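The values are calculated or read from the model by the stated rules, or taken from the named source; none is laboratory data. Model, not experiment: these values are computed from the prediction. Cβ placement follows ideal geometry from the backbone for every residue including glycine, while neighbour counts extend to all protein chains displayed.
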Amino acid sequence: MSVGISMVVKNEMKNIDRCLSSIRVAVDEIIIVDTGSTDGTDEYLRSQLGAKVVNVAPPAEDPHVITEARNLSLANNPCDWVLVLDADEQISTSAIGKIKALMRGDDQAYFLTWRNARNGTFFDDYKFAMFRRDLGLHYEGMVHCNPTRSARRLGINATLVPDVVINHSLDGTNGFRSARSERLERHSRHDPTWWRYQWFLGYTYFKAGDFERAVPLLRDTCNSLSRDFPVECLNAHIVLTDLNARKGMHDKCARIMRQAASFYDEMKNDFEVKANLQMGTWITNAAELIDQNRLEEVKSYEFAY
């Protein structure tokens, strides 16, 4: 069984060695889609790392959209298994050994632990980063695209692997957050029921302290009870509860948590909901704190965005 890395890059000379140098000898192929590097990233990948590089122009309407580039990186990967990485991520050679063992198992797709660093602190999330190429998965969405919705439609399960870690450095600068907000606003207007946009935009405003703009986005995502985006919907419940707890709004918190508990129970066997190890416990604990009127202790956990 072979495994190939699929990546999308643009001007990543400062990151590419740190990402690939330690694992390139442990994988069978490195497939890169370059969306317009001007710093020599594409040539370095070809000449120094032996990667197969496909050069494409980014979409004119939004050059930050990499969805089709992601899918092109999958289409050009000849291996049995695909490992999706970004240039600001690193995975150890020992983890690659574990990945090769997973390939011999019965599962067809995996969430890997996504360990995020932000301002000197670390917290774990998960990333749908490894799957059989022949499943026909593809990436969807214009911001933070992923293959999760595609997997749900195809009836594919993905299993969380806690001990295979992708290390990731988050860019939490104001300029980055502002640019992302503008893109999320634009795409959410175009597709208002793509609840992933609404969730991310609401959370971005929440982190910036702009509760007035965060509330309607989080509320609408909660009330969607979307089976296509159950994790985004439940995340919105968590953050909206935190926001209302800060305002001392006990009854609202209780209503939100009742709805969250009911929807979580309905969706608890969804493969992505199962991969989120914090969510069920948080909902249970928050409901107890709210019942005891200990609203000051109701705090959402960190999200990697």
Limited to region 69-106, what total is found for residues that are part of a loop (DSSP other than H, G, I, E, B), within 24 Å of Met13 (Cα to Cα) and charged (D, E, K, R)?
2
Taking interchain pairs and intrachain pairs at least six residues apart, which have beta carbon atoms under 6 angstrom, with the first residue in region 116-136 and in the same structural domain as Pro147 (by TED's automatic domain parsing) and the second buried (at least 20 other Cβ atoms within 10 Å of the Cβ) and among the hydroxyl-bearing types (Ser, Thr, Tyr)?
Asp124/Thr113; Phe128/Thr148; Met130/Tyr110
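Evaluate region 155-177: report whether one residue or more is farther than 30 Å from Ser92 by Cβ, within 17 Å of the chain's Cα centre (by Cα), surrounded by fewer than 19 Cβ atoms within 10 Å (Cβ to Cβ) and not aliphatic (A, V, I, L, M).
To start, the set of residues in region 155-177 that are farther than 30 Å from Ser92 by Cβ comprises 155, 174-175.
Keeping just the survivors that are within 17 Å of the chain's Cα centre (by Cα) gives none.
No, region 155-177 contains no residue that is farther than 30 Å from Ser92 by Cβ, within 17 Å of the chain's Cα centre (by Cα), surrounded by fewer than 19 Cβ atoms within 10 Å (Cβ to Cβ) and not aliphatic (A, V, I, L, M).
Among Phe206, Phe200, Phe303, which is in contact (Cβ under 8 Å) with a residue 60 or more places away in the chain, closer than 21 Å to Val143 by Cβ and buried (at least 19 other Cβ atoms within 10 Å of the Cβ)?
Numbers: Phe206 fails: in contact (Cβ under 8 Å) with a residue 60 or more places away in the chain; Phe303 fails: buried (at least 19 other Cβ atoms within 10 Å of the Cβ).
Only one candidate qualifies: Phe200.
Select the helices (runs of 4 or more DSSP H) contained entirely in region 195-305, then report the ones holding at least 3 residues which are among the hydroxyl-bearing types (Ser, Thr, Tyr). It would help to see each step written out before you state the result.
Working: elements: 195-207, 211-224, 230-246, 250-267, 271-275, 279-291.
Once the helices (runs of 4 or more DSSP H) in region 195-305 are filtered for at least 3 residues that are among the hydroxyl-bearing types (Ser, Thr, Tyr), what remains is 195-207.
Look at Asp163 and say whether it is under 30 Å from Ala109 (Cα atoms), part of a loop (DSSP other than H, G, I, E, B), among the charged types (D, E, K, R) and modelled with pLDDT under 95. First the steps, then the outcome.
Values: under 30 Å from Ala109 (Cα atoms): yes; part of a loop (DSSP other than H, G, I, E, B): no; among the charged types (D, E, K, R): yes; modelled with pLDDT under 95: yes.
For Asp163, the condition - under 30 Å from Ala109 (Cα atoms), part of a loop (DSSP other than H, G, I, E, B), among the charged types (D, E, K, R) and modelled with pLDDT under 95 - is not met.
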Filtering region 74-94 down to residues that are over 13 Å from Ala129 (Cα atoms) and touching a strand residue (DSSP E or B) at 6+ places or on another chain (Cβ under 7 Å), which residue is surrounded by the most Cβ atoms within 10 Å (Cβ to Cβ)?
Asn77
Every residue in region 223-269 that is within 18 Å of the chain's Cα centre (by Cα) and more than 12 Å from Ser300 (Cβ to Cβ), please.
Ser226, Arg227, Asp228, Phe229, Pro230, Val231, Glu232, Cys233
